[in-house]
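Read through the structure below, which is laid out as structure tokens, and then see the notes.
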Amino acid sequence: MTVPVTGSFEQLVLKAILALRDDAYGVSIHAKVEHLSRPRKVSLGAIYITLDRLQNKGMICSRRSEPTAERGGRSKRCYRLSAQGERALQESSATAKRMLDSVVGVWGKEFAI
């Protein structure tokens, strides 16, 4: 099966969901993506649009959490990677590593971050 190509912003969102595990919901994903992409600012709307797109591509799944008192009895929509999303993230990470290795090969190890 072919894994759909993801853009760099989609990759950041997938990485955030992976890192957050059971705490991956809109606001926490937004905070993690902003941290990963600093100093670039990211709108919360861009996160929700990307979450919808990733879900439509079959890369993530969502579920509703139990309602909580601190949220006024409202639940959160929690996200997790699907098997397809995990494969896409593995492939994009391997590609990024190959690119970094290539650049380091030309510019030297002092370039490696």
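The values are calculated or read from the model by the stated rules, or taken from the named source; none is laboratory data. Please read all numbers here as calculations on a predicted model, not as lab measurements. Note: ideal-geometry Cβ built from the backbone for every residue, glycine included; neighbour counts use all protein chains shown. Surface areas here come from the heavy atoms of the whole protein model, side chains and all, with no ligands, DNA or RNA. Shrake-Rupley method; radii C 1.70, N 1.55, O 1.52, S 1.80 Å.
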Residues (of a type in the set (A, V, I, L, M, F, W, C), assigned to a helix (DSSP H, G or I) and open to solvent by 70 Å² or more (accessible area, probe 1.4 Å)) located in segment 68-113:
Ala69, Met99, Leu100, Val106, Trp107, Phe111
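Considering only segment 40-64, state which residues are in a loop (DSSP other than H, G, I, E, B) and open to solvent by less than 100 Å² (accessible area, probe 1.4 Å).
Val42, Ser43, Lys57, Gly58, Met59
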Could you list, in sequence order, all residues of segment 23-39 that are in a loop (DSSP other than H, G, I, E, B) and surrounded by fewer than 12 Cβ atoms within 10 Å (Cβ to Cβ)?
Arg38, Pro39
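Kindly establish whether Gly45 is small (Gly, Ala, Ser) and at pLDDT below 95.
no
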